[in-house]
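Scroll down for the structure; my scribbles are underneath it.
Please treat every number below as a calculation from the coordinates, not as lab data. None of these values were measured; they are calculated from a predicted model. Here Cβ is always computed from backbone atoms with ideal geometry, including for glycine, and neighbour counts include all displayed protein chains.
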């Protein structure tokens with residue numbers, strides 16, 4: 001904001017820092033050789049604001065009305081003006097404002113603000129080093145961080161979800177679930193994210209902090225979500241569930257959602273086969289023996305075969321994707337990656353994590369409104385479109401009996417083994 005006064009002020013600029021609860025005016029005093037001074041807000045009455053010079057020993061003060069409009073100035077400055085000091089003071093306060101308001105690393109904030117400020121050499125010489133500034137600002141940030149007890153209830157679970165997110169979760173017939181570990185705040189070991197499908201797009205609807213990967217922990221998680229569904233006068237009963245192949249999770253889903261179809265992730269399935277080949281000491285044979293390589297690819301291609309053509313011990317519906325729309329858990333995997341990238345460090349404190357969830361909820365609400373307004377979901381990649389077209393072509397040949405099951409398996413193994421473009 002800029003205010004002009006013909007008698008004394010050439011320019012009066014207001015700087016406000018809500019996190020610091022500070023107002024600053026920077027102005028050029030025409031009656032004092034156009035020197036630049038800085039004043040900050042002191043007392044406030046019903047009709048006036050009182051401003052005092054930033055130098056404690058200086059007796060200058062200014063009166064404005066509540067809206068910041070100039071009324072009068074009293075006294076003369078008893079010190080020289082140093083524009084570089086004013087610049088550095090404003091820059092430091094701007095850094096501190098961001099440090100207290102954001103979870104971004106202090107070093108990154110300092111670097112960004114210095115680049116944006118484009119200050120003079122004189123001001124640069126007065127700026128404290130990042131190490132000096134980081135030490136003080138780390139203490140200031142910690143003072144604003146509440147203490148979170150980790151001594152009691154080591155097996156507790158925390159679930160973060162708005163009523164709108166829970167409503168979408170309980171209404172969705174298809175849900176995606178996946179865990180990530182690097183961003184879990186102490187004392188939790190895992191961040192477990194649940195996504196619901198809405199108009200063809202996956203949206204995060206529950207952020208769950210879990211102490212471990214045990215079956216009983218997942219059991220308690222689903223029980224809590226079911227209890228909340230009852231309070232909202234609905235039920236948690238998805239028709240399709242997509243996850244990875246985590247051993248502790250599989251029997252719990254079968255127990256808690258007996259009528260749901262549980263799909264694994266084709267990406268994880270195809271990752272597991274080469275890993276098993278390596279574990280069995282067949283990596284060299286796989287590279288140099290085409291017959292073994294074809295057999296291994298056919299194992300991966302079994303996931304795309306018609307169910308009636310495949311028999312096994314593991315429930316086929318878990319890993320067979322012949323008639324499945326969502327063959328991977330990429331919706332959860334992609335969000336986990338995005339979620340992790342927004343944090344500047346691994347295992348942040350829980351308050352930083354909660355701030356991130358709050359911003360994610362705002363994003364969720366925006367996307368949901370856009371989808372309801374007719375926005376299309378993200379387009380598939382050219383690679384996925386190409387794969388789907390080839391798969392549908394081979395599938396149609398089998399349905400039309402142009403090829404038999406063995407030929408279908410051979411074709412699918414070539415499709416699975418096709419290098420990504």
Quick one: order 50, 192, 286, 170 by neighbouring beta-carbon count within 10 Å, fewest to most.
50, 286, 170, 192
Taking R0 as 25 Å, what's the FRET efficiency between residue 280 and residue 245 from their Cβ-Cβ distance, rounded to 0.05?
0.85
Using all alpha carbons of the range 85-143, what is the percent of pairwise distances in each 10 Å bin, ordered from the shortest bin to the longest?
23, 60, 16, 1
If I take every Cα pair under 8 Å that is 6 or more residues apart in the range 78-213, average their sequence separation and divide by the length, what percent do I get for the relative contact order?
19 percent
Mind running the shape call on the range 221-266? Use the C-alpha gyration tensor, a ≥ b ≥ c as the square roots of the eigenvalues: rounded below 1.5 for a/c, prolate if a/b tops b/c, oblate otherwise.
prolate
How big, in percent, is the set of alpha carbon pairs in the range 134-266 lying more than 24 Å apart?
34 percent
If you average the sequence gap of Cα pairs under 8 Å that are 6 or more apart and divide by the length of the range 85-143, what percent do you get for the contact order?
47 percent
Neighbour counts of other C-beta atoms within 10 Å: give me 46, 290, 171 arranged from fewest to most.
46, 290, 171
Difference of contour (0.36 nm per residue) and Cα-Cα distance, residue 403 to residue 105
101.4 nm
I want to check the label-to-label distance for residue 163 and residue 142. Put each point 7 Å from Cα in the C-beta direction and report it in nm to one decimal.
4.0 nm
Taking the number of other C-beta atoms within 10 Å as the exposure measure, put 239, 226, 56, 96 in order starting with the fewest.
56, 239, 226, 96
